[in-house]
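The values are calculated or read from the model by the stated rules, or taken from the named source; none is laboratory data. All figures in this text were calculated on a predicted structure; none of them were measured in a lab. Neighbour counts run over all protein chains shown; Cβ positions are idealised from the backbone, glycine included. Note: areas computed on protein heavy atoms with side chains; ligands, DNA, RNA excluded. Shrake-Rupley method; radii C 1.70, N 1.55, O 1.52, S 1.80 Å.
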Amino acid sequence: MDTIRVAVTGAGGRMGREVVKMVLQDEQLTLAAAVSPSAGPVDAGTLVGLQACGVTVTPDLETALANAQADVLVDFTVPHAVYDITKTAIEHGVRPVIGTTGFTPEQIEELDKLCQSQGIGGLIAPNFSIGAILMMKFAAQASKYMPHVEIIEYHGDQKLDAPSGTSIKTAELISEVRQELRQGNPKEKETIEGARGGHYDGFRIHSVRLPGIFAQQEVIFGGYGQTLKIRHDSYERAGYMPGVNVAVKKVMTYTGLIYGFEHVMD
Ligand SMILES: NC(=O)c1ccc[n+]([C@@H]2O[C@H](COP(=O)([O-])OP(=O)(O)OC[C@H]3O[C@@H](n4cnc5c(N)ncnc54)[C@H](O)[C@@H]3O)[C@@H](O)[C@H]2O)c1
């Protein structure tokens, strides 16, 4: 059986290194290219694996894709670069599996059209963690019965975008089923700007950024004399890899760009 050839962008980053390890450990996958602007900073174990399969870390995505005959590109880079990376991959006929957040709805629509015209699949997933997907599904379910809701997401202080892609995705899923409602006191005034968090379709999202935190999210529902909290905690990057592995295999089986890992998980 042919293996799926996987290129990785951000291969020197913390998520990228986990992806490289995951690919090297799966006999159904072959590492086709490892792309990173700063070629080199992969740990010793990964470097040995890369050398063993003849892959060097390169900063040049165009050349890597032209030479690698990759089937899939997995990206964990930075919000300001990921759109161009995704577009370049699709133009080379390489299926994007994207973990980096920061796309606008218009960009997703455009990339979907591009995937359709190339006849390939693609996936953008703000969260590849199976527990986080369940947290989002349960939150959407609860919001039908308890429409007063706020989201608090917690990440490390070096995260570039706020609110997190996961919290936006959660808010979208909640909005699809929650009755239309503008929460809180209409006369409410912020004495410190931003104190009530960001506004999304009648409810609020709060972003906490502190060193020591990895990735957590709480969705809090308020009702008469009661609250319900649905909480997910991620402790390490390797926890995302089972999801990325499923995505790399699934993306080979359909055409068009899917947004959200939950749609390929079942
Ligand atoms: N979807 C998910 O499940 C999930 C989970 C964790 C992290 N993330 C996201 O993944 C991304 C990477 O996270 P990380 O912790 O590995 O970060 P990191 O800083 O460790 O790695 C980022 C990588 O991007 C590369 N990079 C920087 N600028 C670039 C550019 N202009 N072009 C190409 N590559 C560039 C860096 O060299 C590095 O290899 C973040 O956006 C983060 O929010 C997503």
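Look through segment 233-266, keep the residues that are aliphatic (A, V, I, L, M) and open to solvent by 10 Å² or more (accessible area, probe 1.4 Å), and return whichever of them is farthest from the ligand (Cβ to nearest atom).
Out of the qualifying residues, it is MET252.
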Residue selected from segment 148-192 under the condition touching a residue at least 60 places away in the same chain (Cβ under 8 Å) and over 15 Å from the mean Cα position of the chain (by Cα), by the criterion farthest from the ligand (Cβ to nearest atom) | HIS148
Out of curiosity, is GLY222 open to solvent by less than 40 Å² (accessible area, probe 1.4 Å), over 16 Å from the mean Cα position of the chain (by Cα) and more than 20 Å from SER175 (Cβ to Cβ)?
-> no
Answer with yes or no whether THR63 is over 27 Å from ALA195 (Cβ atoms), surrounded by 16 or more Cβ atoms within 10 Å (Cβ to Cβ), hydroxyl-bearing (Ser, Thr, Tyr) and in the same structural domain as GLU18 (by TED's automatic domain parsing).
-> no
Go through VAL94, VAL82 for me and flag whichever is surrounded by 22 or more Cβ atoms within 10 Å (Cβ to Cβ), under 15 Å from the mean Cα position of the chain (by Cα), aliphatic (A, V, I, L, M) and modelled with pLDDT of 95 or more.
-> VAL82
Within segment 66-79, residues being in a helix (DSSP H, G or I) and open to solvent by less than 10 Å² (accessible area, probe 1.4 Å) number 1
By residue number, the members of segment 67-97 that are acidic (Asp, Glu) and within 12 Å of the ligand (Cβ to nearest atom) are ASP75, ASP84
